Amino acid sequence: MANYLSKDEFENLASRLESNIIHSFRLAKQDILDLQDHFLNLSQSQKLIVEMIKELREHEIQIHAAIQNLYKKDQIKHVENSDSKYLLTELKESEKRISQLINSASKEKILIKEVASAPIIHIVASKTSTKFHTSNCPYAHNIKPKNLIRFKDKTDAKNKGFKACSCLTEN
Ligand SMILES: [Zn+2]
């Protein structure tokens, strides 16, 4: 009967479906790997900042101790004492750097939150069209997996002869 698929047609369909599924899985896997890399980089730079803050704090404690000693020796009364002047300047510098580092550390945290919550957007096109889209464009949603092409970025898509859809030119 005409409504039934032949064995060949069925096998053909099944193998196309299988390769589409494999392709989709590969894309998803790549997304996860990309995200992992990103998190690794961010957490590494955060660790570095935390280490630097620790070091500066230790340095600050040492300076405090040195100043305390100077007080004990009653030397601080002499404002012209170059040691105490030097230590006070160091202390101020160190405090400034600590607040700068805390600032950038909290910026990193915001960045991590943004990365974690941002949807993953790719530049995609259909083999059957000449325009490329962001992956959240309604046109992109209609691209069949077997026709889906994914680009590194907009330049990559342009270099391959595609033109930007309005979803990309409007922002
Ligand atoms: Zn579009």
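Worth pointing out:
- Taking label positions 7 Å along the Cα-Cβ direction at both Tyr4 and Ser99, the computed distance is 8.3 nm, reported to one decimal.
- Our coupling estimate for region 39-49, obtained by passing each phi through the Karplus curve with A = 6.51, B = -1.76, C = 1.60 and θ = phi - 60°, is 5, 4, 4, 5, 6, 5, 5, 5, 4, 4, 5 Hz, Gly and Pro reported as x.
- Distant-in-sequence amide H partners of Lys163 (H built 1.01 Å from N, under 5 Å): Lys131, Phe132
- Amide H contacts under 5 Å for Ile123, placed H, 5+ residues apart: Phe151
- Three-way shape label, region 123-169, alpha-carbon gyration tensor, a/c 1.5: oblate
Every number in this text was worked out from the coordinates using simple rules, so none of it is lab data. Small disclaimer: the values here were computed from a predicted structure and weren't measured. We place every Cβ from the backbone using ideal geometry, glycine too, and count neighbours over all the protein chains shown.
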